[in-house]
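S.K.: Got a structure here, written out as structure tokens. Questions coming.
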Amino acid sequence: MNLSLFADEDQAPAGPAPLVPGSSASVLLRGFALPYLDEVLPALDTIVLAAPPRHMATPGGLRMSVAMSNCGPLGWVTDGRGYRYARLDPASGLPWPPMPPVFLRLARQAALAAGYTGFAPDACLVNRYAPGARMALHQDRDECDFTSPIVSVSLGLPATFLFGGAERADKAARIGLLHGDVVVWGGTDRLRFHGVAPLKEGEHAVLGPQRINLTFRKAS
Ligand code: MD6
Ligand code: FE
């Protein structure tokens, strides 16, 4: 007998699930952001109006397929001089838009649900993927503080997240991320290689033909 309140198991809200077997340092919170989206989406509109996502250049001079913006005191940027965090948006010379209180609440609650207390992000990277855009395997290592976790919110079209190991050549697990899913990782997994497979064509009911990823970090 099926005692679940949900006819379809796929629709049941899930608690934290390990992102990969054998590690509790990185968790997937299916649908965790959904109750926040009535406030998150208008706030996101304001951010991308003030600081439109743009295709930055890697230190090697390649144009990134993902368009990026930021909110909060610090923003992640890349150009011919390297990767770093900057207080000002290089496109406007102005500070990045402030971090909306609902972003901070969502990030802190997600971190807590994953077992990380006191998360105080000072940077939120806004990544916009059009179909075909991808992110190559990389480590997040431009932050001063590797003791804080990273909280990553997926919105819009589904994506395949690649979650590798400590070495670039380690085989990566493939994890499907949907609108409203949140991934939290830290601790012993903080420096794992990860990336995003090329985004498939599609039209999301709320966000249209794109995926937005919000990545919260404590950078300073
Ligand atoms: C993305 N995410 O999901 C790219 N980094 O669009 C990341 O690079 C990432 O999701 C660190 C932790 C979580 C992430
Ligand atoms: Fe990353």
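The values are calculated or read from the model by the stated rules, or taken from the named source; none is laboratory data. This structure is a prediction, so every number in the text was calculated from the model and none was measured. A quick note on method: Cβ atoms are made from the backbone with ideal geometry, for glycine too, and the neighbour counts reach across all protein chains shown. Side chains included, ligands, DNA and RNA excluded: accessible areas come from the protein's heavy atoms. Shrake-Rupley method; radii C 1.70, N 1.55, O 1.52, S 1.80 Å.
S.K.: As a test of reading the structure, rank Ser24, Ser69, Ser92 by solvent-accessible area (1.4 Å probe, protein chains only), most first.
M.R.: Order by accessible area, largest first: Ser24, Ser92, Ser69.
S.K.: In degrees, nearest 10, range 0 to 90: what is the angle between the Cα axis of helix 37-50 and the longest Cα principal axis of the chain?
M.R.: Helix 37-50 sits roughly 10 degrees off the main axis of the chain.
S.K.: Return a whole-number percent for the relative contact order of the range 102-220, with Cα pairs under 8 Å and 6 or more residues apart as the contact set.
M.R.: 40 percent
S.K.: Rounded to the nearest 10 Å², what accessible area does Arg108 show when all protein chains are kept and the probe is 1.4 Å?
M.R.: Approximately 110 Å² for this residue.
S.K.: Next question, about the same structure. Order Leu74, Leu49, most accessible first, counting only protein heavy atoms with a 1.4 angstrom probe.
M.R.: These residues rank, largest area first, as Leu49, Leu74.
S.K.: Sorted from largest down, what three extents in whole angstroms do the Cα atoms of the range 29-116 have along their principal axes?
M.R.: The Cα atoms of the range 29-116 stretch 39, 26, 22 Å along the principal axes, largest first.
S.K.: Continuing with the same structure: Along its three principal axes, how long is the range 80-181 when you only count alpha carbons? Whole Å, largest extent first please.
M.R.: Result for the range 80-181: principal-axis Cα extents of 39, 37, 29 Å.
S.K.: Pairing the Cα long axis of helix 101-113 with the longest principal axis of the chain, what angle in degrees results, from 0 to 90 and rounded to the nearest 10?
M.R.: So the inclination is approximately 50 degrees.
S.K.: How high is the FRET efficiency from Arg174 to His138, r the C-beta distance, R0 25 Å, rounded to 0.05?
M.R.: Plugging the Cβ-Cβ distance into 1/(1 + (r/R0)^6) gives 0.95.
S.K.: Please report, in whole Å, how far the alpha carbons of the range 87-140 spread along each principal axis, starting with the longest.
M.R.: 34, 30, 20 Å, listed from the longest principal axis down.
S.K.: What is the projected area of the convex hull of the Cα atoms of the chain, averaged over all directions, in nm²?
M.R.: Its average projected convex-hull area is 12.8 nm².
S.K.: Mind checking which of Ser148, Ser23, Ser65 has the largest fluctuation in a GNM of the chain, springs on alpha carbons under 10 Å?
M.R.: Comparing Ser148, Ser23, Ser65 in a Gaussian network model of the chain, the most mobile one is Ser23.
S.K.: Now for a different question. How much accessible area per residue does the chain have, in Å², with a 1.4 Å probe?
M.R.: 49 Å²
S.K.: Roughly how many Å² of Arg192 are accessible to a 1.4 Å probe, to the nearest 10?
M.R.: Its heavy atoms expose roughly 60 Å² to the probe.
S.K.: Okay, moving on. Determine the sum of side-chain charges near Ser152: Lys and Arg each +1, Asp and Glu each -1, restricted to other residues whose C-beta is under 11 angstrom from that of Ser152.
M.R.: Overall, the nearby charge balance is -1.
S.K.: Give me the percent of the accessible area of the chain that comes from carbon and sulfur atoms, probe 1.4 Å, all protein chains in place.
M.R.: That share works out to 58 percent.
S.K.: The range 48-72 to the range 166-220: how many Å between their Cα centroids?
M.R.: Computed from Cα coordinates, the inter-centre distance equals 17 Å.
S.K.: Among Lys200, Lys218, what's the order by accessible area (1.4 angstrom probe), most exposed first?
M.R.: Ranked from most to least accessible, the order is Lys200, Lys218.
S.K.: Moving on to the next point. Regarding the range 133-183, what is the average projected area of its C-alpha convex hull, in nm²?
M.R.: Taking a quarter of the hull surface, the average projection is 4.3 nm².
S.K.: Let me know the whole percent of all Cα-Cα pairs from the range 143-220 that are separated by more than 18 Å.
M.R.: Result: 46 percent of Cα pairs exceed 18 Å.
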